[in-house]
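One structure is given below, encoded as structure tokens.
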Amino acid sequence: MGPLNGKTALVTGGSRGIGRAICQALANAGADIVLNYHSNRAAAEETAATLKTKVRLVQADMGSIHDIEKMFASLGDLRLDFLINNAGIWRHTPMGSSTAAGVDEMLNTNLRGPFWVTQCCLPLLNDGARIVNISSVAGRIGVAGGRSLYGATKAALDSLTKSWALELAPRRILVNSVAPGYITTDMTSDFFKDPAMLEMALKRQPMGKIGTPEEVADVVLFLCSEGARFVTGQSINVSGGSVI
Ligand code: NDP
């Protein structure tokens, strides 16, 4: 028995990294999980095998409206208590050499995706549900080195968070975002393989360490808990103080 027993969460991009840790944290608290993944079925199954509650795997590309709508059609009249918009991608998009396809891919996955998922999810969400968007500290500051578009998608997600909090308050649906700093996942692994890059990242960390997916997931869990019942429209940095 846990505090989230009888509740159900949809986690997008739940197969690896931060999404996996979120599935585990919510399931450890008793929630059943609908785990969305894109292309890595093996990782999704690996994550599912670690969950103690009921889990349903749903494949869909969050960058595709067709896939998102097909996913919701497959869920039928399932009731949901938590929507975690976690799926996101990072692509190097420098000004001067970015392609239209590269720009579209990131906008579609990181921005249009959460918008469309949330729109499709509204009829399934119980009153009093929680929505948590996973944004990034990159949306809070100026970021150089081909990261401007990524940062912009995350700033936009924080903006949606505030507006949805107002729009959905009459249904007591609370909407917040969690903005991670550098976290050790597949997304950052290439970056941190380079000792110079790792050293540069560590220099910006007041606590002298890179974050873990579990440190992000614990804050998501809090936002889904009874303790966060009067918190909405907020964004919480989980960055060890690297961005204040
Ligand atoms: P990973 O690359 O480690 O994992 C990405 C997850 O998202 C996988 O489960 C993947 O599924 C899924 N995914 C990717 N693209 C799609 C898509 N088009 N449709 C559905 N699912 C998709 O990423 P992280 O765990 O690091 O990142 C999770 C979130 O946290 C992202 O939104 C990211 O922007 C954000 N973030 C991460 C930071 C970091 O330092 N790691 C820092 C700040 C924010 P599959 O396994 O099938 O490929």
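The values are calculated or read from the model by the stated rules, or taken from the named source; none is laboratory data. Source: prediction; values computed, not measured. No Cβ is skipped: glycine too gets one built from the backbone with ideal geometry, and neighbour counts run over all protein chains shown.
Going residue by residue through segment 77-99, is there one that turns out to be among the hydroxyl-bearing types (Ser, Thr, Tyr) and in contact with a helix residue (DSSP H, G or I) (Cβ under 6 Å, 6 or more places away or on another chain)? Spell out how you get there, then give the answer.
Going residue by residue through segment 77-99, those that are among the hydroxyl-bearing types (Ser, Thr, Tyr) are 93, 97-99.
Okay, now just the ones that are also in contact with a helix residue (DSSP H, G or I) (Cβ under 6 Å, 6 or more places away or on another chain), so 93.
For segment 77-99, residues among the hydroxyl-bearing types (Ser, Thr, Tyr) and in contact with a helix residue (DSSP H, G or I) (Cβ under 6 Å, 6 or more places away or on another chain): present.
Show the residue pairs that are 6+ apart or on different chains and have beta-carbon atoms under 7 Å apart, the first residue being within segment 203-216 and surrounded by fewer than 13 Cβ atoms within 10 Å (Cβ to Cβ), the second being part of a helix (DSSP H, G or I).
Gly208/Leu202
Show me the strands (runs of 3 or more DSSP E) entirely contained within segment 17-88 in which 2 or more residues are surrounded by 22 or more Cβ atoms within 10 Å (Cβ to Cβ). Working first, answer last.
Values: elements: 32-37, 55-59, 80-85.
Answer list for segment 17-88: 32-37, 80-85.
Being free of Cβ contacts under 8 Å to residues at least 24 places away in the same chain, within 14 Å of the ligand (Cβ to nearest atom), farther than 19 Å from Gly13 by Cβ and among the aliphatic types (A, V, I, L, M), is that true of even one residue in segment 68-83?
Going through segment 68-83, the residues free of Cβ contacts under 8 Å to residues at least 24 places away in the same chain turn out to be 70, 73-74, 76.
This time we only want the ones that are within 14 Å of the ligand (Cβ to nearest atom), so: 70.
With farther than 19 Å from Gly13 by Cβ added as a condition, the list becomes none.
Looking through segment 68-83, none of the residues is free of Cβ contacts under 8 Å to residues at least 24 places away in the same chain, within 14 Å of the ligand (Cβ to nearest atom), farther than 19 Å from Gly13 by Cβ and among the aliphatic types (A, V, I, L, M).
More than 23 Å from Ser177 (Cβ to Cβ), basic (Lys, Arg), free of Cβ contacts under 8 Å to residues at least 60 places away in the same chain and within 15 Å of the ligand (Cβ to nearest atom) - does that describe any residue in segment 104-113?
No: zero hits.
Just to verify a result, which residue in segment 178-202, among those that are of a type in the set (Gly, Ala, Ser) and surrounded by fewer than 16 Cβ atoms within 10 Å (Cβ to Cβ), is farthest from the chain's Cα centre (by Cα)?
First, the residues of segment 178-202 that are of a type in the set (Gly, Ala, Ser): 179, 181, 189, 196, 201.
Those still in the list that are surrounded by fewer than 16 Cβ atoms within 10 Å (Cβ to Cβ) too: 189, 196.
Details: Ser189: 18, Ala196: 28 Å.
Among those residues, the one meeting the criterion is Ala196.
Name the single residue, out of those in segment 11-26 being within 12 Å of Val216 (Cβ to Cβ) and of a type in the set (Val, Ile, Thr), that is nearest to the ligand (Cβ to nearest atom).
Going through the qualifying residues, I end up with Ile18.
Please state which of the following conditions Leu160 fails to meet, knowing it meets all the rest: (1) within 14 Å of the chain's Cα centre (by Cα); (2) crowded, with 17+ Cβ neighbours inside 10 Å; (3) more than 8 Å from the ligand (Cβ to nearest atom); (4) within 24 Å of Gln24 (Cα to Cα).
(4)
Looking at segment 123-139, which of its residues are in a loop (DSSP other than H, G, I, E, B), within 11 Å of the ligand (Cβ to nearest atom) and out of contact with any Ser or Thr (no Cβ under 8 Å at 6 or more places or on another chain)? Please lay out each step first, then the result.
Going through segment 123-139, the residues in a loop (DSSP other than H, G, I, E, B) turn out to be 123-124, 135-136.
So of that shortlist, the ones also within 11 Å of the ligand (Cβ to nearest atom) come out as 135-136.
Hit for segment 123-139 is Ser136, nothing else.
I need every pair where a residue in segment 87-99 that is within 13 Å of Thr188 (Cα to Cα) has its Cβ under 6 Å from the Cβ of a residue that is of a type in the set (Asp, Glu) and within 14 Å of the ligand (Cβ to nearest atom), sequence separation at least 6 or different chains.
The qualifying pairs do not exist here.
Yes/no per residue for (1) in contact with an Asp or Glu (Cβ under 7 Å, 6 or more places away or on another chain); (2) farther than 22 Å from Arg130 by Cβ; (3) at pLDDT 95 or above:
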residue: Ala25; (1), (2), (3): yes, no, yes
residue: His38; (1), (2), (3): yes, yes, yes
residue: Glu45; (1), (2), (3): no, yes, yes
residue: Ala49; (1), (2), (3): no, yes, yes
residue: Arg56; (1), (2), (3): no, no, yes
residue: Ile65; (1), (2), (3): no, yes, yes
residue: Ala73; (1), (2), (3): no, yes, yes
residue: Gly76; (1), (2), (3): no, no, yes
residue: Phe82; (1), (2), (3): no, no, yes
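If I ask for residues that are closer than 16 Å to Asn86 by Cβ and of a type outside the set (Gly, Ala, Ser), which ones from segment 137-158 would you list?
Residues satisfying the conditions are Val137, Tyr150, Thr153, Lys154, Leu157, Asp158.
Tell me which residues, restricted to segment 140-153, are assigned to a helix (DSSP H, G or I) and either surrounded by fewer than 18 Cβ atoms within 10 Å (Cβ to Cβ) or in contact with a Phe, Trp or Tyr (Cβ under 6 Å, 6 or more places away or on another chain) (or both). Break it down into steps so the answer makes sense when it comes.
Initial filter on segment 140-153 (assigned to a helix (DSSP H, G or I)): 148-153.
Residues satisfying the conditions are Ser148, Tyr150.
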